[in-house]
Each structure stands twice: as C-alpha cells, then as structure tokens.
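Input: a single structure, listed below in structure tokens.
We did not get these values from a lab; they are worked out from the coordinates using the rules stated. Since the model is a prediction, treat every value here as computed from it, not as a measurement. Note that we place each Cβ from the backbone using ideal geometry, even for glycine, and neighbour counts take in every protein chain shown.
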C-alpha cells in the first residue's frame, strides 16, 4: 500500500511538472510561437531536400557545408557579439544605442573581411578541399555581411518579444531559400546554386525584419547620441572579452566535424555528413535555440534580481525538453540508414548511418542549448566561455586521436558523439548550479 501511495504521489508530481503553470504561460507561448515557425521553416526545407539530393551531388553539398561553416565561424566577429546585449536594457532607447553600435561594428568589420579573404582565398579554400569557392570568394563576403544583418535584426525583435514576426520571417526565409536552390540547380557550377539560394533566403529575412522595425520601432532611433553609444560600449565591455571567444569556441566546436571530414576525406564525405546535420541535428538545434530565445526574452523581463523565478522556469523547461526530445532520439537510433535511403535516394545511405551515430548526443544537445543562453541574463559570460573552451579542447583531442590513429569517418563520428554527450550533460548541470547559486544569494 505504501508503495502504491508513493507511486501515486510521484505520478502526480510528474504530471504537475509537465503541466504548464500560469506563471510560465507567456514563456511557453513565446517558445511555442518561435518553435512553430522554426519547425515549419525546417519542414519546408526538409520537404524540398529529396528533390535537392537528386539535383545536387554529395560533393556539391560538401562545398555548401564549408561555405556555411565559414559564415558561422566568422559572423560573430562582425558585431563583436554586442547584439546579445540588445534584449538586456530596461529601456528601448538604451537598446537602440546598442543596436546602432553593433551596426557600426558590422559595417567596419565586413570591409576588413573583404581584404582578408581577397589576400588569403587560395590558401583557405585549398586547405578545405573546396577549390570551387576560390573564384567566388567575394560571394562568401556577401553572405557573411547579410548574415550579420539578419542576426542583428533578429535580436531586436527578440527584445520586442515579436515572436510571431520571428516565426513568420523564419518560414519565409526557408521558403525563398529552398525555391531559389531548386531554380539555380541548372548552373554550371552547381554548388553555387546552393550557396546563392542560402544568401537569397538571408536577404529576404533581413528585408522583412527591417520593414517590421521601420514600421513599428523607428521612433526609438530618433534620439541616437554618440555619447550614449560610448556609454553602452563601456557598460557591456565584458561581452566581446568573454562572449566572442566563448561563441567562437562553440561555433568552431560545431563546425569541426564537417571541416575535418572535408579536409581528410574530401567534399563528398563532408556532403554526406552535412545532409545528416541538415535533416536531423539542425532542426532540433534550431527548435532548441528558438526556445532559448524565448527563454531569454522572459528571463530578461524578470530581470537579474529575480533569480528564484528564473531558476524555477529553467528547471521546468529542462524537464519538458527531456521528455519531448526522447522520441526523435529513439527513431534515429533505430531506423536512421533505412529512412535516409528511402527518402533521399540510395546515394545518401551513408548520411543515414551518420545520423544514427549522432543520435547519441542529439537528445542532450536539444535540452542543453536553450539553458546555456541564460548565462547572459545572469552575466556569467566568463563561465560560458570556459565551458565552450573546454568543449573545444575536448573535440580537438577527438580530432587528434582520430588523425593519429587513422580512424575512418565512422569511428571519428562515434568518438565525436560521445564527447558531445559528456559536454552537454555537464553544461546543463553547470548552468542549473549557477542559477541555483544566484537563487541562494538572493534569498
């Protein structure tokens, strides 16, 4: 009887945790809105991917994957990551000054990168085994600049809690990008079709975001003063010191597999891996990142002086994500190769094997990514930097072991996945511990 009572209490407690409390309704509404947009956007991309895999070769996907890696690694440097401070101030006027400051850095650093790529294009693209991009180096610069603009505008809309706008723009970006890739598949250099399709999607997103900002929020930018820009620069001086290295280590850690595979095994193997990431890892990471944006928006609304509420909200989100992420994890682990062969063609069975291996860590990434964004709210940039530095060190060790042991791409990916499991579990525990300490200190 005691065991039955205990079981009943445990089940009631579990259902209580999984239910949406009234105090979190705005959070989950924002999370659901952004996640729905991200999900529909990826659904559009996934629906058209079986056509793309029959129009483009694995090598074309490999070149495109390296293009995306370059954009992802260098984009944080454009704004010095001051964009993440846009949601933090209490007043829109202060946030507008941070926006302008970020835009200035974006313009200046974009010019700098044009010179860098012009002078080193041969070396960069030869090392990465994507010589097709050597003549099109300027396209990389265009993509980098437009991606920076899109990132800047997205953070403004996160601040304004325009979750529906973010969701809508995400969907339209995916639609324009996917249709462009289909239309440009007839180009002589096919990989250029994938690259330009992605740029067109980013440009569409940036235009829509800017139109929304101009329509609703342009009054916030009428009283911009240089002295206030300098004040914001000093107020958030820790962000470039800790967040640039932290973000770079995180992004480089994410891009290491495709770069390593392209360098060691060629663009075709990198293309197989990139499809697995595009179809499986990226959608779940996007949903997790979108939920993290909503989580940051709600936590910023509460403010650093309410750590108890932030801690309880984070714990609630973490448990829900763990339950909901288990389903795709099991499906991938069991049926990965068969699903990829059926949907994308026999040429892509290797991508299915890669996806099955990566399912080992996808669940923990899905639960950890939203949580890690809360480090900005409690101003623990240094801890986040050390965390990402630790991950980079761990993954560099994986690459070194794989290289000197002459591992195949499959053994490398197994080792990489195990390292990621360790990292994401430790990350979640650490962030929750920091939030708990803030809660105790406040009490």
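Overview of values
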quantity: Contour minus Cα-Cα distance for residue 43 and residue 436 (0.36 nm per residue); calculated: 137.8 nm
quantity: Computed label-point distance, nm, for sites residue 115 and residue 422 using a 7 Å Cα→Cβ extension; calculated: 4.2
quantity: Percent of C-alpha pairs per 10 Å bin, segment 126-230, short to long; calculated: 14, 35, 28, 16, 7, 0
quantity: Inter-label distance, nm, simple model (7 Å from Cα along the C-beta direction), residue 91/residue 235; calculated: 0.8
quantity: Nearest-0.05 FRET efficiency for residue 429 and residue 382, computed from C-beta distance (R0 25 Å); calculated: 0.90
quantity: Centroid-to-centroid separation of segment 345-367 and segment 175-249 [C-alpha atoms, Å]; calculated: 29
quantity: Stretch gain in nm, segment residue 315-residue 327, where the contour uses 0.36 nm per residue and the Cα spacing is subtracted; calculated: 2.3 nm
quantity: Cα-only Debye scattering, segment 22-442: base-10 log of I(q)/I(0) at q = 0.11 Å⁻¹; calculated: -0.84
quantity: Point-to-point label distance, residue 211-residue 347, nm (Cα→Cβ direction, 7 Å offset); calculated: 3.6
quantity: Peptides 97-103, 196-202 ordered by average Cβ neighbours within 10 Å, highest first; calculated: 97-103, 196-202
quantity: Segment 22-442: relative contact order in percent, alpha carbon pairs under 8 Å with at least 6 residues between; calculated: 23
quantity: Among 141-149, 335-343, the order from most to least packed when residues are scored by Cβ within 10 Å on average; calculated: 141-149, 335-343
